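Peer 1: Just dropping this structure here.
The values are calculated or read from the model by the stated rules, or taken from the named source; none is laboratory data. Here the structure is a predicted model, which means the values were calculated and not measured. Reconstructed Cβ throughout: ideal geometry from the backbone, glycine too, with neighbour counts over all protein chains shown.
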Amino acid sequence: MKLASYMISGRSSYGVVIDDEILDIGGRPGAPATLLDALTVPQASLLELPAGTHPAGSDRIAVSDVTWLPPIWNSDRIICVGLNYRSHVLELGREPPEHPMLFVRFADSLVGQDEPLVRPRASQMFDFEAELAVVIGKGGRHIAAERAMEHVAGFAGFNDGSIRDFQFHSGQFLSGKSFWRSGAFGPWIVTADEVGDISNLEIRALLNGQEMQRARFDDLLFGVPDLIAYISQVMPLQTGDVIATGTTGGVGAARNPQVWMKPGDVIEVVIDKIGTLRNTIVDEADAAA
């Protein structure tokens, strides 16, 4: 299933995306309040909830009528991984890390599908990073790598938009990764049973239609099971936690000449079996207006 969060008729909701329509689960009586809450409920039980009364008179709504939110827009933790593709480590002239390099983003730094990414007033060095996001369905501590996939609810696209000069003001990445509405997450979560084995799937970044990044997930230095095992040693993972697994080679900062996203650009993260996360770029002044 494709599970999405969105705004419709002035209310937030969530549902199952089916072609160009959404089965509006959040509008049904007795439904959990948000998609994060719904992840604790068996998928079959969600579909069996009594039909509600949608403002348009139906539980089916058109995809074109919604404003997309990040699928898990109220997660307490968005855990990101740096330098996790061989190609990205190579282009930066770095040594591969011995352990996953972790940092965090905050919820208000992310937007959903088709919502504008904001180039901040403070910098024009706005870079793209196409990534696979993993959404935790079942929490746990000290999770064994061989059991890790049992804890995955599903996968989504992620653009870890980076303000490069601020990122390297110090040895910590936080400042460059937390600008308001600088990253994207979505357009939906595709459940793990539908995606299956991710190792042979590809991820690409397209800037104004031009391919900038491409990799298969077998190029990850630390795969999804290893990341879950490692992070769950540090903290108990919880339902709704988001893990952004890192980006591959081809980022704008490593190109000659360097490439920065600018207002009017369209950036897309395309992942096999998951879909396309698409956003335009605007200046902060225009976003505020």
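Peer 1: Out of all the residues in segment 250-268, is one or more aromatic (F, W, Y) and closer than 22 Å to Q167 by Cα?
Peer 2: Yes, segment 250-268 has at least one match.
Peer 1: Residues in segment 244-272 that are within 20 Å of the chain's Cα centre (by Cα) and over 22 Å from C80 (Cβ atoms): how many?
Peer 2: Taking segment 244-272 first, the residues within 20 Å of the chain's Cα centre (by Cα) are 244-252, 261, 265-272.
Now narrow it down to the ones that are over 22 Å from C80 (Cβ atoms): 265-266.
Matching residues across segment 244-272 total 2.
Peer 1: Just give me the residues in segment 163-181 being under 15 Å from the mean Cα position of the chain (by Cα) and either without any contact (Cβ under 8 Å) to a residue 12 or more places away in the chain or buried (at least 23 other Cβ atoms within 10 Å of the Cβ) (or both), in sequence order.
Peer 2: Correct list: K177 only.
Peer 1: If you scan segment 221-236, which residues turn out to be more than 17 Å from the chain's Cα centre (by Cα) and not acidic (D, E)?
Peer 2: Selection gives L221, F222, P225, A229, Y230, I231, S232, Q233, V234, M235, P236.
Peer 1: Among the listed residues L83, L110, which satisfies the condition of being surrounded by fewer than 23 Cβ atoms within 10 Å (Cβ to Cβ), of a type in the set (A, V, I, L, M) and at pLDDT 90 or above?
Peer 2: It is L83.
Peer 1: Go through A130, A144, A184 for me and flag whichever is touching a helix residue (DSSP H, G or I) at 6+ places or on another chain (Cβ under 9 Å) and either of a type outside the set (V, I, T) or surrounded by fewer than 15 Cβ atoms within 10 Å (Cβ to Cβ) (or both).
Peer 2: None of the others qualify; the one that does is A144.
Peer 1: Is it fair to say A144 is of a type in the set (A, V, I, L, M) and outside the structural domain of G15 (by TED's automatic domain parsing)?
Peer 2: yes
Peer 1: Could you check how many residues of segment 1-33 are among the hydroxyl-bearing types (S, T, Y) and surrounded by fewer than 20 Cβ atoms within 10 Å (Cβ to Cβ)?
Peer 2: Here is the first cut: in segment 1-33, the ones among the hydroxyl-bearing types (S, T, Y) are 5-6, 9, 12-14.
Add one more test, that the residue is surrounded by fewer than 20 Cβ atoms within 10 Å (Cβ to Cβ), and what stays is 9, 12.
Summing the residues that are among the hydroxyl-bearing types (S, T, Y) and surrounded by fewer than 20 Cβ atoms within 10 Å (Cβ to Cβ) in segment 1-33 gives 2.
Peer 1: Could you check, for segment 59-67, whether at least one of its residues is among the hydrophobic types (A, V, I, L, M, F, W, C), within 21 Å of I274 (Cα to Cα), surrounded by fewer than 20 Cβ atoms within 10 Å (Cβ to Cβ) and over 21 Å from the mean Cα position of the chain (by Cα)?
Peer 2: Scanning segment 59-67, I find at least one residue that is among the hydrophobic types (A, V, I, L, M, F, W, C), within 21 Å of I274 (Cα to Cα), surrounded by fewer than 20 Cβ atoms within 10 Å (Cβ to Cβ) and over 21 Å from the mean Cα position of the chain (by Cα), so the answer is yes.
Peer 1: Ok, one more. Kindly indicate whether any position in segment 238-254 is of a type in the set (A, V, I, L, M, F, W, C), assigned to a strand (DSSP E or B) and in contact with a helix residue (DSSP H, G or I) (Cβ under 9 Å, 6 or more places away or on another chain).
Peer 2: yes
Peer 1: With (1) closer than 17 Å to H88 by Cβ; (2) surrounded by fewer than 21 Cβ atoms within 10 Å (Cβ to Cβ); (3) in contact with a strand residue (DSSP E or B) (Cβ under 7 Å, 6 or more places away or on another chain) as the list, and Q258 as the residue in question, which single condition is left unmet?
Peer 2: So the condition that Q258 fails would be (3).
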